[in-house]
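Chemist: This is the structure, below, for whatever I ask next.
Every number in this text was worked out from the coordinates using simple rules, so none of it is lab data. Because the structure is predicted, anything quoted here is derived from the model rather than measured. Here the Cβ is made from the backbone with ideal geometry for all residues, glycine too, and neighbour counts use every protein chain on show.
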Amino acid sequence: MNENEAGERQIDIMVCGAGYVGLATAVAIKQARPSLDVVLADAAPDGVWKKDGRASAIAAAACAMLQRLGVWDELEEGAQPITEMIVTDSRASDPIRPVYLTFSGEVEPGQPFAHMLMNRDLNGALRRRCDELGIEIHQGTPIAGLDRSGACAVATAKDNRRFSARLVIAADGARSRLRDWAGIRTVSWQYGQSGIVCTVAHERPHNGRAEEHFLPAGPFATLPLPGNRSSIVWTERTADAERLVNSDPFLFETELETRFGRHLGAITVESKPRAWPLGLTLARAFVTHRLALAGDAAHGIHPIAGQGLNMGFKDVAALAEVIVEADRLGLDFGQEDVLEDYQRWRRFDTVRMGATTDILNRLFSNDIAPIRLIRDIGLGIVDRMPGLKRDFIAQAAGKGGPMPRLLRGEAI
């Protein structure tokens, strides 16, 4: 253990926040540059993440990265390919929901554009890979302060341990303390909506089909899980969402069935439904001296396009590549001018995706007849244009625009 005269542990990189983005960032850097001393801090106590019953859609490009990071073989067995997606636009009370848009779920023959994966499985696999690579994980001890005024960033843990790092990566979520301490401001607003998340079982198989129903209060998505099970991401006005998740289970299931329909038979709620407020948050800067933001600390978008986690994985691939290449060239990867390459790589794509989801949510989360007519005509036109549909699938698969090597399944 290297300590300086001030009693500070000297390391190369500290990753604050050990969710999927923080874990994957640490693995990507350490795997490419084993000589770098990488420490993960502010991790949840052991066992807490195992209780996460949520699932996430992992785009094809992110799957390629997880394969390169050495965890996909473990995860693939429990993952559910999304083989088809349909989009409808109706009211919950409508007896028939016309399908306006359909997507084949393959980017290439035999390669689905996304897989559904349980969050606890993804977290567990990445943590085990950290252990294999010798990455130190500090659990249950949050960072209480950060000083970037010297030659290195000095992070102080709540138990008074001090770390002197060439670079600190803030992957500590939408309410990032490190972002606030660095004085990085955000552009943000709330939608007055909350996303209800739960898992349901149903009688008939889904055959790998995902569905997104645009309802007046917001999108209602059903995403296939292994077996006769689906993950629900249900957008409602915040007051209604709170009422629903706190209501009698029978009432909740009745309201859910009204939106889910009976095409897969009777449904049963398997996990306790929870609701999260929805909004848009974009950091005005992704980097500053000795600090880089990644994942929700840099951006938070509406789940209407299912790209939140995949945007975080794009951050992972781009940031790891910038750091590793700089280190190979003997550059100081904690300097702002070096980190600027990461910001240029990710900021435009992030703003574009944030604006896109914002417009889509405002366009579809209403029941104004003329707007409904226009958007349904638009969906129908897209459905009849194979080239445009292929572009949409490529974007959903995370394969649009300049791609870091990891997202192409290549080593850094």
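Chemist: Evaluate E = 1/(1 + (r/R0)^6) for residue 270 and residue 120, where r is the Cβ-Cβ distance and R0 equals 25 Å; express this FRET efficiency to the nearest 0.05. Could you put the intermediate results ahead of the total?
Modeler: On the way: r = 14 Å, r/R0 = 0.57.
Efficiency, from the Cβ-Cβ distance: 0.95.
Chemist: What's the whole-number percent of alpha carbon pairs in the range 236-279 lying beyond 18 angstrom?
Modeler: That tail contains 30 percent of the Cα-Cα pairs.
Chemist: Quick one: Karplus J couplings for the range 135-146, per residue in order, coefficients 6.51, -1.76, 1.60, θ = phi - 60°, nearest Hz, x for Gly and Pro?
Modeler: Values per residue, Gly and Pro as x: 7, 6, 10, 9, 9, x, 10, x, 7, 9, x, 9 Hz.
Chemist: Would you mind checking which residues have amide H under 5 Å from residue 101's amide H? H placed 1.01 Å from N; only 5 or more apart, or other chain.
Modeler: Residues meeting the amide H criterion: 87.
Chemist: Which one, 218, 285, 271, projects farthest toward the positive side of the charge dipole computed for the range 208-293 from Cβ point charges (K/R +1, D/E -1)?
Modeler: Positive-end residue among those listed: 285.
Chemist: So, one more: Share of antiparallel DSSP beta bridges in the chain, in percent to the nearest 5?
Modeler: Taking every DSSP beta bridge with both residues in the chain, the antiparallel ones total about 70 percent.
Chemist: Compute the Rg/Rh shape ratio of the range 86-166: radius of gyration over Kirkwood radius, all on alpha-carbon atoms. Mind dumping the intermediate values first?
Modeler: On the way: Rg = 23.7 Å, Rh = 18.4 Å.
Over the Cα atoms of the range 86-166, Rg/Rh equals 1.29.
Chemist: For residue 162 and residue 50, calculate 0.36 nm times their separation in residues minus their Cα-Cα distance, and state this gained length in nm to one decimal.
Modeler: Values: separation 112, 0.36 × 112 = 40.32 nm, distance 2.88 nm.
Contour length minus Cα-Cα distance gives 37.4 nm.
Chemist: Subtracting the Cα-Cα distance from 0.36 nm times the residue separation, let me have the gained length for residue 144 to residue 240 in nm, one decimal.
Modeler: That works out to 30.9 nm of additional length.
Chemist: Among 98, 165, 183, pick out the residue whose Cα is farthest towards the positive end of the charge dipole of the chain, where Lys and Arg carry +1 and Asp and Glu carry -1 on C-beta, about the Cα centre.
Modeler: Checked the options; the winner is 98.
Chemist: If you put +1 on each Lys and Arg Cβ and -1 on each Asp and Glu Cβ, how big is the dipole of the chain around its Cα centre, in Debye rounded to 20?
Modeler: About 560 debye.
Chemist: Please work out the C-alpha center-to-center distance from the range 358-412 to the range 91-164 and express it in whole Å.
Modeler: 23
Chemist: To the nearest 20 debye, what charge dipole does the range 153-307 have about its Cα centre, counting +1 at the Cβ of each Lys and Arg and -1 at the Cβ of each Asp and Glu?
Modeler: 960
Chemist: Could I ask something else about it? Per DSSP H run of at least 4 residues, take -39500 (n - 2.57); add these up for the chain, divide by its residues and hand me the 222 nm value, nearest 500 deg cm²/dmol. Before the final figure, lay out the partial values.
Modeler: On the way: 11 runs with 143 residues, N = 412.
The helix-only estimate for the chain comes to -11000 deg cm²/dmol at 222 nm.
Chemist: Could you work out how far apart the two model spin labels at residue 377 and residue 67 are, taking each label as a point 7 Å from the Cα in the direction of the beta carbon, and quote it in nm?
Modeler: Those two pseudo-labels are separated by 4.3 nm.
Chemist: Sort 176, 271 by Cβ crowding within 10 Å, fewest neighbours at the top.
Modeler: Working: 176 24, 271 15.
The most exposed by this proxy come first: 271, 176.
Chemist: May I pose another question? Label residue 204 and residue 410 with points 7 Å out from Cα along Cα→Cβ: what is the distance between them in nm?
Modeler: Using points 7 Å along Cα→Cβ, the separation is 4.6 nm.
Chemist: Out of every Cα-Cα pair in the range 225-352, what percent are more than 19 Å apart?
Modeler: 61
Chemist: Evaluate the relative contact order of the chain (contact order divided by residue number), counting alpha-carbon pairs under 8 angstrom at least 6 apart; express in whole percent.
Modeler: About 22 percent, as a whole number.
Chemist: Contact order normalised by length for the range 291-348, with contacts defined as Cα pairs under 8 Å and 6 or more residues apart; what percent is it?
Modeler: Relative contact order of the range 291-348: 30 percent.
Chemist: Multiply the residue separation of residue 86 and residue 331 by 0.36 nm, subtract the distance between their alpha-carbon atoms, and state the gained length in nm to one decimal.
Modeler: 83.4 nm is the gain from fully extending residue 86 to residue 331.
Chemist: Okay, moving on. Could you state the principal axis extents of the C-alpha atoms in the chain, from the largest down, to the nearest angstrom?
Modeler: Principal axes ranked by extent give 73, 47, 39 Å for the Cα atoms.
Chemist: Percent of Cα-Cα pairs more than 17 Å apart in the range 147-222, please.
Modeler: I get 68 percent for the Cα pairs in the range 147-222 exceeding 17 Å.
Chemist: Whose amide H sits under 5 Å from the amide H of residue 145, counting only residues 5 or more places off or on another chain, with H placed in the peptide plane?
Modeler: Result for residue 145 returns 156.
Chemist: Direction-averaged shadow area of the convex hull around the Cα atoms of the range 29-96, nm²?
Modeler: 8.6
Chemist: Across 10 Å bins from the origin, how do the percents of Cα pairs in the range 285-347 run, short distances first?
Modeler: Percent of pairs per bin, in order: 23, 52, 20, 6, 0.
Chemist: Let me have the relative contact order for the range 18-139, percent, based on Cα pairs under 8 Å that are six or more residues apart.
Modeler: Once normalised by length, the contact order is 42 percent.
Chemist: For residue 355 paired with residue 257, estimate the spin-label separation in nm (one decimal), with each label point 7 Å from Cα along the Cα-to-Cβ line.
Modeler: A separation of 4.5 nm, rounded to one decimal place.
Chemist: Across the chain, how many lysine pairs, 8 or more apart or on two chains, come within less than 17 Å at their alpha-carbon atoms? Can you show the working numbers first?
Modeler: Values: 50/272; 51/272; 314/399; 389/399.
Number of lysine pairs found: 4.
Chemist: Give the dimensionless ratio obtained when the Cα radius of gyration of the range 1-151 is divided by 2.2 N^0.38 Å.
Modeler: The range 1-151 yields a ratio of 1.38.
Chemist: Put +1 on the Cβ of every Lys and Arg and -1 on every Asp and Glu Cβ in the range 6-153; which of 83, 24, 71 then has its Cα farthest towards the positive end of the dipole?
Modeler: Farthest along the dipole direction, towards plus: 24.
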